[in-house]
Amino acid sequence: MNNRSEQHPQDETDIIAPVGYQRPEVVEEKAVTLSRAQVLAIAVIIPVLVIVWFLFTAKSVRLEFTPAVDEISISGGLSFELGGVYLLRQGDYQISATAVGYQPLDTTLTINSARNQNFALLLTKLPGIVGIDTDPPGASVNLLDQELGVTPLRDVELPAGGVELFFSKDRYQSQTSIVDIVGMHQPQSISVQLLPDWADVSVTSIPSGAEIFIDDEPSGVTTPGTIEVLTGEHEIRIALPGHRSHRQRILVAAQEQIALEPVTLQQADGLLRITTIPAGAGVTLNGKFEGESPLELAVRSKDRYRLQVFKAGYARVDRSIEVASNEELDISLALQRLTGEVVVIAEPADAQLYVDGQLRGSANQTIRLPTAAHKLEIRRTGYAGYTTEIVPRNGFAQEVKVRLLTIEEARLAALKPVIRTPLNQELVLLQPEDFTMGASRRQPGRRANETLREITMTRLFYLGTSEVSNAQFKAFAQGHDSGSFEEYALNKDDQPVTRVSWESAALYCNWLSQQEGLPLFYRTEQGKVVGSNPAATGYRLPTEAEWAWAARQVEAAQPLRFPWGSTLPPPDRHGNYADRSAAHLVGRIIFGYNDNHIVSAPIGTFAPNLKGIYDLSGNVSEWTTDFYAIPEATPAADPLGPATGDYRVIRGSSWMHGTITELRIPFRDYGVDARQDVGFRLARFAESN
């Protein structure tokens with residue numbers, strides 16, 4: 001047997017032997033270390049760079065306070081004051097200031113891009129602490145519609161400046177006093193002398209001792225005597241038992257001294273007492289009115305009198321009477337009610353009749369009623385009720401013929417076809433129908449934002465017949481200036497207002513609503529429009545859909561391409577567009593057309609459209625209330641536009657427009673800032689939603 005070890009002896013080099021381990025050397029990186037000088041240099045340079053950056057980008061802002069303030073604080077960003085001038089970067093800042101005797105000021109200032117800016121800030125005085133006295137006391141004091149109380153009043157807070165106080169007290173003349181309130185929580189006293197509202201009337205009689213009555217109310221004074229009679233017309237009656245009463249009407253003015261001529265009372269030895277059912281009937285003796293029942297009269301015995309008693313709705317009583325010496329005659333009369341026939345004819349046939357609030361059955365009937373004023377109502381479920389007042393006539397038949405309106409018919413009938421603003425701006429009621437808004441892709445001049453879509457219109461609305469003029473806008477913003485284009489004026493009173501931003505137009509609408517107490521359509525915060533209230537009936541800009549429907553002219557059941565028809569040019573003086581008279585001012589004009597106005601024309605210069613609206617196309621383009629977007633081709637109902645956006649829709653051509661694209665009714669533009677050819681007109685919903 002062969003031994004492998006012998007055959008192959010092992011070489012020493014094949015033996016594996018252990019060796020010692022050494023960790024490899026790691027080369028350490030040296031940390032960068034700044035010297036103290038370098039750190040100090042960086043600490044100095046960075047603030048310097050920040051300061052240089054701030055000084056380079058900051059605006060010089062001067063704040064002028066009236067009166068001078070004690071403390072000022074500015075928040076919202078970095079600020080630096082230098083000799084009464086503040087360095088502030090562009091943006092919004094909250095300014096707070098205080099002064100003794102004034103309300104703290106807390107307002108927001110917007111710093112714009114101008115290098116130098118000035119702001120005048122006015123602090124409001126604190127109210128004054130006022131005591132109010134009158135002679136005599138007990139007078140009611142009002143400030144505008146606010147009742148302050150009854151004098152004497154103490155520690156009443158009244159606003160600084162001139163205030164108008166109204167004083168009133170029974171039997172004294174009402175008085176208005178304009179008082180200058182110092183304010184600033186300083187105490188102040190007001191004293192007012194009230195003037196009597198009566199005249200002193202002296203009454204004498206022969207014989208004396210007669211009781212004096214004013215308008216049949218006892219005065220508590222007997223003759224001879226002086227009574228206080230309030231300003232106006234009154235009846236003086238002098239009564240003495242056994243004598244005929246004396247009546248006399250007098251007209252008095254406050255603080256007069258009146259002495260009536262002495263009255264000789266005629267002796268009467270008979271007494272007549274008259275009562276009626278119902279009471280309150282007029283009584284005359286021998287044609288002379290004596291008063292209303294119940295009534296007691298002194299008469300001469302053995303004289304014959306003609307007594308007449310009358311009351312509306314009752315038959316008159318006419319009698320001849322005679323009273324014996326020393327007799328007291330009582331006459332009681334039950335008056336006979338007079339009636340008349342009323343024939344009621346109503347549609348629908350099953351309507352119900354109410355008389356003075358009481359159900360009387362079917363409305364179609366003949367009814368007999370007393371000859372006095374009655375309230376007739378005709379009602380039926382699902383219809384608007386009808387109400388009238390009628391006075392039946394004795395011996396005559398009267399007819400009331402009524403057709404009840406459905407709720408929808410009554411709704412339309414209740415709305416005024418034309419309304420006017422406090423500035424006499426006219427708006428007409430429009431009842432829109434469903435229509436197609438936009439333009440076909442095949443229409444020459446069409447833009448990509450004129451998507452065709454079906455619009456459903458359900459809400460009635462009012463639309464201004466004319467654009468808002470410069471004079472009308474300046475009632476809101478006195479300093480506004482529409483300026484001019486080249487040397488041609490845009491700022492005449494009767495021209496449409498221009499150079500007004502969308503937000504300014506919306507704020508004008510809110511201001512106009514406030515003049516009438518209407519709910520505001522636009523929601524605002526700190527003078528900025530932040531949203532809208534679609535249910536509100538206050539003034540607003542028209543929606544784009546309303547504008548498009550109102551501008552829609554129909555010929556042969558098809559909407560027209562241009563406001564005047566389907567071809568160019570328009571008839572002369574159809575509207576104010578870029579015509580040949582403006583060729584030296586604007587780039588593109590309508591060749592062969594003349595409207596005789598180089599820039600904007602007075603509102604209402606040209607004929608209205610079929611709906612009675614002026615200048616929907618031409619004159620100035622107009623803001624709408626909608627945010628701008630390219631709409632989807634899906635149907636929409638009463639659209640108000642997108643919920644948000646950066647721009648607002650502008651509709652209609654202007655005096656600067658002369659191209660096919662701009663002159664078409666579907667043309668849509670957008671913006672948000674003021675332009676020299678963009679104005680607006682008013683709209684408002686007829687009913688809340």
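Taken together, the values in this text are just the output of simple stated rules run on the coordinates, not laboratory data. Remember, it's a predicted structure, so these values are computed and weren't measured experimentally. Using ideal geometry, Cβ is built from the backbone for each residue, glycine included, and neighbour counts are taken over all protein chains shown.
With the cut-off at 13 Å, report for segment 81-122 the share of all Cα pairs above it, as a whole percent.
Here the long-distance tail beyond 13 Å is 62 percent of all Cα pairs in segment 81-122.
For the pair Glu256 and Tyr647, how long in nm is the line joining their label points, each one 7 Å along Cα→Cβ?
For Glu256 paired with Tyr647, the spin-label model returns 7.6 nm.
What Kirkwood hydrodynamic radius, in Å, does segment 415-689 give when the mean of 1/r is taken over all pairs of distinct Cα atoms and then inverted?
Radius from the Kirkwood sum: 18.7 Å.
Could you tell me the calculated FRET efficiency between Asn491 and Ala629, based on Cβ-Cβ distance and R0 = 35 angstrom, to the nearest 0.05?
Efficiency, rounded to the nearest 0.05: 0.55.
Taking the dipole about the Cα centre of segment 128-193, with the C-beta of Lys and Arg at +1 and of Asp and Glu at -1, give me whichever of Ser191, Leu143, Gly131 is farthest to the positive side.
Towards the positive end, the residue furthest out is Ser191.
If you add up the charges near Ala160, with Lys and Arg at +1 and Asp and Glu at -1, over every other residue whose beta carbon is less than 12 angstrom from its beta carbon, what do you get?
On the way: positive: Lys125; negative: Glu157, Asp180.
Neighbourhood net charge equals -1.
Compute the relative contact order of the chain as a whole-number percentage, counting only Cα pairs closer than 8 Å that sit 6 or more residues apart in sequence.
Relative contact order, the chain: 7 percent.
In what sequence do Glu290, Glu454 fall when counting other Cβ within 10 Å, fewest first?
By the 10 Å Cβ count, ascending: Glu454, Glu290.
Find out how many positive minus negative residues lie around Ser202, taking Lys and Arg as positive, Asp and Glu as negative, among other residues whose Cβ is under 12 Å from that of Ser202.
So the environment of Ser202 carries a net charge of -4.
Within straight cross-link reach of Lys311, meaning Cα distance under 15 Å, which aspartates and glutamates are found once same-chain residues fewer than 8 apart are removed?
Straight-distance partners of Lys311: Glu290, Glu292.
Can you spot the aspartates and glutamates whose alpha carbon is less than 19 Å from Lys401's alpha carbon? Ignore those fewer than 8 places along the same chain.
Glu341, Glu347, Asp350, Asp356, Glu377, Glu389, Glu409
Taking only the alpha carbons of the chain, what extent do you get along each of the three principal axes, in Å, biggest first?
186, 93, 77
Hey, how much of the P(r) for segment 244-387 falls beyond 19 Å, as a percent of Cα pairs?
Here the tail beyond 19 Å accounts for 66 percent of pairs.
Using just the helices of the chain, give the 222 nm mean residue ellipticity in deg cm²/dmol: DSSP H runs with n ≥ 4 each add -39,500 (n - 2.57), and the total is spread over all residues, rounded to 500.
-3000 deg cm²/dmol
Net charge within 13 Å of Arg459 by Cβ-Cβ distance, Lys/Arg positive one each and Asp/Glu negative one each, not counting Arg459 itself? Don't skip to the answer; put the middle values down first.
Working: positive: Arg411, Arg540, Arg684; negative: Glu433, Asp434, Glu546, Asp638, Glu687.
Summing Lys and Arg as +1 and Asp and Glu as -1 gives -2.
Taking the Cα centre of the chain as origin, sum charge times position over the Cβ atoms of Lys and Arg (+1) and Asp and Glu (-1), and report the length of that vector in debye to the nearest 20.
Approximately 2060 debye in magnitude.
Which FRET efficiency value, to the nearest 0.05, is calculated for Leu429 and Glu341 with the Förster distance at 56 angstrom and r the Cβ-Cβ distance?
Once rounded, the FRET efficiency stands at 0.90.
Ranking Lys288, Lys528 by Cβ neighbours within 10 Å, fewest first, what do you get? Could you put the intermediate results ahead of the total?
Numbers: Lys288 9, Lys528 13.
Fewest-to-most ranking of Lys288, Lys528: Lys288, Lys528.
Rounded to the nearest 20 debye, what is the charge dipole size of segment 193-349 about its Cα centre when +1 sits on each Lys and Arg Cβ and -1 on each Asp and Glu Cβ?
Result for segment 193-349 is approximately 680 debye, rounded to the nearest 20.
Set Lys and Arg Cβ to +1 and Asp and Glu Cβ to -1, take the dipole of segment 40-122 about its Cα centre, and tell me which of Ala97, Asn116, Gly84 lies farthest positive.
The residue sitting farthest along the positive end of the dipole is Asn116.
Could you name the aspartates and glutamates in cross-link range of Lys528, using Cα to Cα under 19 Å and dropping any fewer than eight places away on the same chain?
Asp92, Asp106, Glu503, Asp626, Asp646, Asp673
For the residues Arg249, Arg681, Arg523, Arg552, what sequence is obtained by ranking on other C-beta atoms within 10 Å, fewest first?
Placing the least packed residue first, the sequence is Arg249, Arg523, Arg552, Arg681.
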